[in-house]
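Engineer: I have a structure here, written as structure tokens, and I will follow up with some questions on it.
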Amino acid sequence: MRREFVALIAGGLFGAGLALSQMINPVRVLGFLDVAAIPAGGWDPTLAFVMAGALAVTLPAFRFVLRQPKPLFEPAFHLPEKTALDMKLLGGSVVFGVGWGLVGLCPGPALAGLALIGQPEYGPKILVFVLAMLAGAAIHAAVMRPRTPEPAAA
């Protein structure tokens, strides 16, 4: 129960940070991604400052945390074992980047953005994105499900 409570607090803090920095606002994100607007002065560097602030906190914290023998509420750290680049990783990165560039949303901010559902300017777009994201996750789970081998004929 304690683990779930800590996860809820961490998720709430993350969502609050996204809302405070306006990263749940697709217009703000698209303003950052539109590098063609730099010469005209229409580029919005806000997201760069948000990322720099996140890195300034995360990099030293990771160094400290990973020196500990184990996390506070888990028996062991769960770090990625795969380190090689493969087509699944590259393909997923491309799909993520294209989706982010087209609509200015990615999964975390989209879920936090559900708080804006009552605002006609953002709410319907965010809801459609989240529904499409859930549908994509379900399709991925169905397609990538491990298959059991057929029994060998006797």
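The values are calculated or read from the model by the stated rules, or taken from the named source; none is laboratory data. Note that the structure is a prediction, hence the values are computed from the model and not measured. Glycine also receives a Cβ, built like all others from the backbone with ideal geometry; neighbour counts cover every protein chain displayed.
Engineer: Would you pick out the residues in region 1-50 that are farther than 21 Å from GLY97 by Cα and either modelled with pLDDT under 85 or touching a Lys or Arg at 6+ places or on another chain (Cβ under 6 Å) (or both)?
Structural biologist: MET1, ARG2, ARG3, PRO39, ALA40, GLY41, GLY42
Engineer: Considering only region 12-19, I want to know if a residue exists there that is touching a Leu at 6+ places or on another chain (Cβ under 8 Å), in a loop (DSSP other than H, G, I, E, B) and not β-branched (Val, Ile, Thr).
Structural biologist: No: region 12-19 contains no residue that is touching a Leu at 6+ places or on another chain (Cβ under 8 Å), in a loop (DSSP other than H, G, I, E, B) and not β-branched (Val, Ile, Thr).
Matching residues to (1) surrounded by 10 or more Cβ atoms within 10 Å (Cβ to Cβ); (2) in contact with a helix residue (DSSP H, G or I) (Cβ under 7 Å, 6 or more places away or on another chain); (3) modelled with pLDDT under 90:
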residue	(1), (2), (3)
PRO60	yes, no, no
LYS82	no, no, yes
ASP86	no, no, no
GLY108	yes, yes, yes
LEU116	yes, yes, yes
PHE129	yes, yes, no
ALA132	yes, no, no
ALA154	no, no, yes
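Engineer: Condition test on GLY123, is it surrounded by 11 or more Cβ atoms within 10 Å (Cβ to Cβ), at pLDDT below 90, out of contact with any strand residue (DSSP E or B) (no Cβ under 9 Å at 6 or more places or on another chain) and more than 16 Å from ILE24 (Cβ to Cβ)?
Structural biologist: So GLY123 fails the test.
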